[in-house]
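Chemist: First the structure, which I've put down as structure tokens, then a few questions once you've had a look.
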Amino acid sequence: PSVPRHTNRLIKEKSPYLLQHAHNPVDWYPWGQEAFDKAKAENKPIFLSVGYSTCHWCHVMEEESFKNKEIGEIMNENFVCVKVDREERPDVDKVYMTFVQATSGGGGWPMSVWLTPDLKPFAGGTYFPPEDRFHHVGFRTVLLRIAEQWKENKDALLESSQKILEALLYRSEVSVRGQESPPPSKEVMAACFQQLSSSYDKDYGGFSESPKFPTPVNLNFLFTYWALHQTTPEGARALQMALHTLRMMAHGGIHDHVGQGFHRYSTDQHWHVPHFEKMLYDQGQLAAVYSRAFQISGDEFFADVTRDILLYVSRDLSDQAGGFYSAEDADSYPTTASREKREGAFCVWAAEEIRALLPDRVEGATEGTTLGDVFMYYYGVEETGNVSPMKDPHQELKGKNVLIARSSPELTAAKFGLEPGQLGALLREGRQRLATARAQRPRPHLDTKMLAAWNGLMISGFAQAGVALAEQDYVSRAAQAAAFLQKHLFDPASGRLLRSCYRGEDNTVEQSAVPIQGFLEDYVFVIQALFDLYEALLEQSWLEWALQLQDMQDKLFWDPKGFAYFSSEAGDPSLLLRLKDDQDGAEPTANSVAVTNLLRAACYSGRMEWVEKAGQILAAFSERLQKIPIALPEMARATALFHHTLKQVVICGDPQGEDTKQMLRCVHSVFSPNKVLVLADGDSAGFLYHQLPFLASLQRKDGKATAYVCSNFTCSLPVTSTQELRGMLCP
């Protein structure tokens, strides 16, 4: 590689996204006091650019504008330029995204915002092309206009930035008005179901035309709705909507049939042509959702998809120390000789490549049939490519195919005169050969940053899959990752979580010079993971840590006046707003998951103030939950758990005993959203007996493993047969 012409301060950072910009001719600063002081001293506005390392349009804007020497000079002369990785600093991202969405009606990344030296936003947008284009003003023009405005009309800009800030403060407030109580669960659940039902795509599944995101929060809501309304037509429809969506996604091109795992979203209605980046948070949530689908339906198809996701994560997103990496990029070099990256290059196929890889004649098939014929028919491969030009504005996928299961196994077998049983092995062989060929291609960039929140989601995915599929290896992988969090993303001296750590050059785990403290989402997703891990492994130390983190979360983020949790802690002078997110999107919002966490924490500790807090969060979001619950499906789901009260399923028995294991398998095989599992192992000096004194009164009946189902610390009669227990768990 040639020696870079330029190097800026970002070279000292750990974030892969910031390092990608370390050789731009732009004099980038990381977010911090040095940049703010310079802006004040030189009386210059700040240009803030926010993105992440696997963001396609961030790469485009860097190539077109930030690598352009002339544009770099305009930026350096007129602005103090600051780069932020939104995955490292979701707090900074959220404040300015709130501004961009409020002032431009849209949002996304890369985000481009201009701030006063005291960090108040006064202009913003997302991606800008370098020069003026039809309907789109160019970045150079915007920079020059803003620089001129700052010189000519600075006072007006400062005044408007103050007004904008006041409006944002007012708009973004989520709090309890007066003596509000939690909204009625029945109405919230019914309205959320109706809203999802009317936006449901009955042909292809999902809840919009395009683009289509996996949104596990919608599917989790539908599973809970079904569990509480199993005998009604609405309950049956909820289950059908969720399972059909999961099936269509798994057949679609959003699912990587050759390399496993799921891409971020589909650009079309059919789940066919994706944006090819793969995010850890999607894999974690989808592994949990597919394992629930298997638990409910018993259909091996869903278990196979779960295994497929976890294989991808274990192989491609796992650090040897036990943590999980953040993401894999969409763009890569088509061949080792290519000069330019293309979106999807690693994942797409020309028809002739597949023919050349799969030339074998298929025994027992119609005369002359090759493995390639069968494979191409099943996966919708066309000679001229199967991507519509409408979905390929940059002609990056011309003549290429994105594999999508277009035909059913039965039809494919019939077409080629095969026995239905033969097809699976043929397709598997085809996928295997394509995977071997694909391994020769240059890989996309891997973002090796490890985030506490997303690691939490992935631990939940492994733990829940381990339970539903009865795969102990998955549970062990979850425990290994939890131990990694405890070692690398937790400060035992302060009792606080850290946001991120990084893979170093010789595969060690590194921390930045000033570690970023954990945000609300880090606590919430890690606590959820620890509860899931306890239920899978029944080791009390994880429970103990979860409850300590819950106390810390309350201390750092709780809003005692307006209720609910702020996303970031108080005391950071560079943050203009402390926000409460009010949308369950690609990831659930932290307050939504916190409701369920608090209810679970109360069940494991007997501390009823946590139930009260859960109710106060629901009260703070009451208006939104009643008007547009579809914006908060995870919180809508939590209203039901709040109103139905969680059931403590207590198994009294020897953890090693076969009878205890049978009881536990029974609990694990049933999808029951409002249960928490407790193993009373008889160790009266242990953590759980100390937290829940009532456990001491629960006896094993006739020396056998015995189950009790308790609610509000009042317990059912003891049962010793799995059949009776199953009856109590299934309403």
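Chemist: What FRET efficiency, computed as 1/(1 + (r/R0)^6) with R0 = 51 Å and r the Cβ-Cβ distance, is obtained for residue 234 and residue 3, rounded to the nearest 0.05?
Modeler: Details: r = 66 Å, r/R0 = 1.29.
It comes to 0.20.
Chemist: What shape does region 106-160 take by its C-alpha gyration tensor, where a ≥ b ≥ c are the square roots of the eigenvalues and a/c under 1.5 counts as rounded, a/b above b/c as prolate, and the rest as oblate?
Modeler: On the way: a/c = 2.62, a/b = 1.46, b/c = 1.79.
Taking the square roots of the gyration eigenvalues as a ≥ b ≥ c, region 106-160 is oblate.
Chemist: In region 412-426, which residues have a backbone nitrogen under 15 Å from the label point lying 7 Å from residue 367's Cα in the Cα-to-Cβ direction?
Modeler: Within reach of a label on residue 367: 417.
Chemist: Using a 1.4 Å probe and ignoring any ligands, DNA or RNA, find the accessible area of residue 103 and quote it in Å² to the nearest 10.
Modeler: So the heavy atoms of residue 103 present about 80 Å² to solvent.
Chemist: Follow-up question, since we're still on this one. Would you give the gap between the C-alpha center of region 305-360 and the C-alpha center of region 531-576, rounded to a whole Å?
Modeler: Cα centres, region 305-360 to region 531-576: 36 Å.
Chemist: Same structure again: Run the numbers on the chain and let me know its relative contact order in percent, using alpha-carbon pairs under 8 Å that are six or more apart.
Modeler: Details: 1391 pairs, mean separation 87.5, N = 731.
Averaging sequence separation for qualifying contacts and normalising by length gives 12 percent for the chain.
Chemist: Another one. Of the peptides 156-164, 614-622, how do they stack up when ordered by the mean number of other Cβ atoms within 10 Å, highest first? Mind dumping the intermediate values first?
Modeler: Working: 156-164: 15.0, 614-622: 23.4.
Averaged packing, sorted descending, gives the order 614-622, 156-164.
Chemist: In percent, how large is the relative contact order of region 438-518, given Cα pairs closer than 8 Å and 6 or more residues apart? All intermediate terms of the calculation are to be shown ahead of the outcome.
Modeler: Values: 84 pairs, mean separation 22.7, N = 81.
It comes to 28 percent, rounded to a whole number.
Chemist: Moving to a separate point now. Could you tell me which of 727, 19, 215 has its Cα farthest along the dipole of the chain towards the positive end, charges placed at Cβ (Lys, Arg +1; Asp, Glu -1), taken about the Cα centre?
Modeler: Farthest along the dipole direction, towards plus: 727.
Chemist: Which value does Rg/Rh take for region 520-595 over its C-alpha atoms, Rh per Kirkwood?
Modeler: In region 520-595, Rg relative to Rh is 1.02.
Chemist: Where in region 258-297 does the label zone of residue 435 land, with the point 7 angstrom along Cα→C-beta and an amide N cut-off under 20 Å?
Modeler: 258-264, 277-280, 283-284, 286-288, 290-291
Chemist: Tell me the Kirkwood hydrodynamic radius of region 347-440 in angstroms, computed as one over the mean inverse distance between distinct C-alpha pairs.
Modeler: Details: mean 1/r = 0.0728 Å⁻¹.
Roughly 13.7 Å, rounded to one decimal.
Chemist: Heads up, I need the accessible area for residue 109: 1.4 angstrom probe, whole protein in place, Å², nearest 10.
Modeler: 70 Å²
Chemist: Let me ask you something else. Find, to one decimal place in angstroms, the Kirkwood hydrodynamic radius of the chain, where the mean of 1/r is taken over every pair of different Cα atoms and then inverted.
Modeler: Working: mean 1/r = 0.0365 Å⁻¹.
In the chain this quantity evaluates to 27.4 Å.
Chemist: Calculate what fraction, in whole %, of the accessible area of the chain sits on carbon and sulfur atoms when a 1.4 Å probe is rolled over the protein chains.
Modeler: Values: 15010 of 29790 Å².
So the carbon and sulfur contribution to the accessible surface is 50 percent.
Chemist: Can I ask one more? Please find the FRET efficiency linking residue 63 to residue 12, where r is the Cβ-Cβ separation and R0 is fixed at 22 Å, and quote it to the nearest 0.05. Display every interim value, and only then the final one.
Modeler: Values: r = 23 Å, r/R0 = 1.06.
With a Förster radius of 22 Å, E is 0.40.
Chemist: Over every pair of different alpha-carbon atoms in region 217-284, take the mean of 1/r and invert it; report that Kirkwood radius in Å.
Modeler: 13.0 Å
Chemist: Next up: Return one whole number: the accessible area per residue of region 297-365 in Å², for a 1.4 Å probe. Present the calculation step by step, with values, prior to reporting the outcome.
Modeler: Working: 3100 Å² over 69 residues.
Spelled out: the 1.4 Å probe surface of region 297-365, per residue, equals 45 Å².
Chemist: A 18 angstrom limit on the alpha carbon distance is what I want to check against. Which of 555/613; 44/83; 163/627; 12/449; 212/341; 14/94 exceed it? Walk me through the numbers before you get to the answer.
Modeler: Working: 555/613 13 Å; 44/83 16 Å; 163/627 28 Å; 12/449 15 Å; 212/341 25 Å; 14/94 21 Å.
Those over the limit are 163/627; 212/341; 14/94.
Chemist: Does region 10-172 come out rounded, prolate or oblate by the C-alpha gyration tensor, with a ≥ b ≥ c the root eigenvalues, rounded set by a/c under 1.5 and, if not, prolate when a/b is larger than b/c and oblate if not? Present the calculation step by step, with values, prior to reporting the outcome.
Modeler: Numbers: a/c = 1.26, a/b = 1.20, b/c = 1.05.
Rounded shape, in that the Cα axes give a/c under 1.5.
Chemist: Further question on the same structure: Find the accessible area per residue for region 648-729; the probe is 1.4 Å, ligands and nucleic acids are left out, and the unit is Å². Intermediate results must be reported in sequence, preceding the final value.
Modeler: Numbers: 3790 Å² over 82 residues.
It amounts to 46 Å² per residue over region 648-729.
Chemist: Beta carbons within 10 angstrom, averaged per residue: use that to sort the peptides 452-463, 72-83, highest first. Please report the intermediate quantities before stating the final value.
Modeler: Working: 452-463: 29.6, 72-83: 20.2.
Packing order, densest peptide first, comes out as 452-463, 72-83.
Chemist: I would also like to ask the following. Residue farthest toward the positive end of the dipole of region 347-440, with Cβ of Lys/Arg at +1 and Asp/Glu at -1: which of 347, 401, 420?
Modeler: 347
Chemist: How high is the relative contact order of region 64-160, in percent, counting Cα pairs under 8 Å that sit 6 or more residues apart?
Modeler: Values: 89 pairs, mean separation 20.5, N = 97.
Over region 64-160, the number comes to 21 percent.
Chemist: For a quick protection proxy, order the peptides 343-354, 129-140 by their average other-Cβ count within 10 Å, most packed first. Before the final figure, lay out each step's value.
Modeler: Numbers: 343-354: 20.5, 129-140: 14.0.
So the order, starting with the most tightly packed, is 343-354, 129-140.
Chemist: Here's a follow-up. Between residue 411 and residue 714, what is the spin-label point distance in nm, taking each point 7 Å from the Cα along the Cα→C-beta axis?
Modeler: 5.7 nm
Chemist: Averaged per residue, what accessible area in Å² does region 10-172 show with a 1.4 Å probe, protein chains only?
Modeler: Details: 6870 Å² over 163 residues.
That works out to 42 Å² for each residue.
Chemist: Next up: Which residues in region 1-29 place their backbone N less than 20 Å from a point set 7 Å from the Cα of residue 505 along the Cα-to-Cβ direction?
Modeler: Correct set: 1-24.
The values are calculated or read from the model by the stated rules, or taken from the named source; none is laboratory data. Only a predicted model underlies this, so the values are computations on that prediction, with no experimental measurement involved. Please note: Cβ atoms are built from the backbone with ideal geometry, for glycine as well, and neighbour counts cover all protein chains shown. Ligands, DNA and RNA are excluded from the accessible area calculation, which covers all protein heavy atoms including side chains. Shrake-Rupley method; radii C 1.70, N 1.55, O 1.52, S 1.80 Å.
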